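A.B. asks: Before we start, here is the structure in question, set down as structure tokens.
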Amino acid sequence: MDNSIIVREATEADAYFAEIITNEMAESAKARGTGIAKRSPDYIKEKMSEGKAVIALTQSNEWVGFCYIESWEHEKFVANSGLIVSPAFRKTGVATLIKQKVFALSRKKYPDAKIFGLTTGLAVMKINSDLGYEPVTYSQLTSDDNFWKGCQSCVNYEILVSKERKNCMCTAMLYDPVEKAREAAEKKAHEAKPENFWGRSLRGDNRVFERWVKFKQFVLLKGWRKKNEPGEEKKPSLFGLFW
Ligand SMILES: CC(C)(COP(=O)(O)OP(=O)(O)OC[C@H]1O[C@@H](n2cnc3c(N)ncnc32)[C@H](O)[C@@H]1OP(=O)(O)O)[C@@H](O)C(=O)NCCC(=O)NCCS
């Protein structure tokens, strides 16, 4: 990454960038053809003034990237949402730095909260994995309806509803501070704990990520088409029993 890029906590003085950020979020979602929860400039400004956002800028004050914090279920859960990097600055490590900063800010503000994310993006899965997140089922995320309402503006919302909020195109990942503290204590005590399948494979081999995402999308879309496209058989899928 260009060392001159500044990654810092956003403040209300950054409100000017809110519209640039929401426009880029919408453009990027369109370009990817994937779903995203829509955010308004006012919502982004609110996050900036509450000290719940991280922004990246060049020395000459050009916007580079952004991410913010949301809390759910009386601060039991926290999500680092709306990660976005300006296309000109992608693939140079900016998102990694923003996520590191927003993760540290989340841990400082909400030390007891579980931090989670929902994403279809390989880049975000990799970054989350390096931060200690583990893939989990949707049932391990917040049950707060307000969080799930955010998915209503996503193109895949019908799939989420048809799966009764148990699964969708996004992969769920979670950082559980209690679990991490337990793991650290075990490590300290030299009790070798074998890494689980996901822990090992997500960190070790990025191709496993890609195969996982493709497989999941294939299964979900196949099941969804069967139910929704006219003329298709409406037999229950074997996978439907598990997903
Ligand atoms: C996703 C996004 C935030 C990544 O930003 P970035 O600054 O390019 O990411 P980084 O350079 O920090 O890359 C982090 C890792 O992901 C990888 N990566 C980056 N873009 C990737 C892509 N499109 N596909 C697969 N891997 C990718 C990088 O190679 C790097 O991996 P490494 O650590 O093994 O080298 C950026 O592409 C973006 O803003 N996309 C549109 C919005 C979006 O998808 N947001 C995420 C919503 S959950």
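A.B. asks: Given the criteria within 15 Å of the ligand (Cβ to nearest atom), modelled with pLDDT of 95 or more and under 16 Å from the mean Cα position of the chain (by Cα), does M169 qualify?
C.D. replies: Spelling it out, it is not the case that M169 is within 15 Å of the ligand (Cβ to nearest atom), modelled with pLDDT of 95 or more and under 16 Å from the mean Cα position of the chain (by Cα).
A.B. asks: Would you mind finding the one in S106, S28 that is closer than 19 Å to F147 by Cα and within 19 Å of the chain's Cα centre (by Cα)? Step through it out loud before you land on a result.
C.D. replies: Numbers: S28 fails: closer than 19 Å to F147 by Cα.
Result: S106 is the single residue among S106, S28 that is closer than 19 Å to F147 by Cα and within 19 Å of the chain's Cα centre (by Cα).
A.B. asks: Restricting attention to segment 117-134, which residues are within 14 Å of the ligand (Cβ to nearest atom) and farther than 23 Å from A31 by Cβ?
C.D. replies: Within segment 117-134, the first condition is being within 14 Å of the ligand (Cβ to nearest atom), and the residues that meet it are 117-131, 133.
If the condition is that a residue be within 14 Å of the ligand (Cβ to nearest atom) and farther than 23 Å from A31 by Cβ, then S129, D130, L131, Y133 are the ones that fit.
A.B. asks: Hey, another quick one. Working carefully through the options V178, V161, find the one that is touching a Lys or Arg at 6+ places or on another chain (Cβ under 9 Å), farther than 18 Å from R32 by Cα and assigned to a helix (DSSP H, G or I).
C.D. replies: One residue alone meets the criteria, V178.
A.B. asks: Having 3 or more residues that are within 10 Å of the ligand (Cβ to nearest atom) is the bar; report the helices (runs of 4 or more DSSP H) wholly within segment 18-116 that clear it.
C.D. replies: Working: elements: 18-32, 41-49, 94-109.
So the answer is 18-32, 94-109.
A.B. asks: Then there's this: Report, by residue number, each residue of segment 137-156 that is away from the ligand (no atom under 16 Å from the Cβ) and over 23 Å from S28 (Cβ atoms).
C.D. replies: T137, S139, Q140, T142, S143, D144, D145, N146
The values are calculated or read from the model by the stated rules, or taken from the named source; none is laboratory data. Here the structure is a predicted model, which means the values were calculated and not measured. Counting neighbours? That spans all protein chains shown, and the Cβs are built from the backbone with ideal geometry, glycine included.
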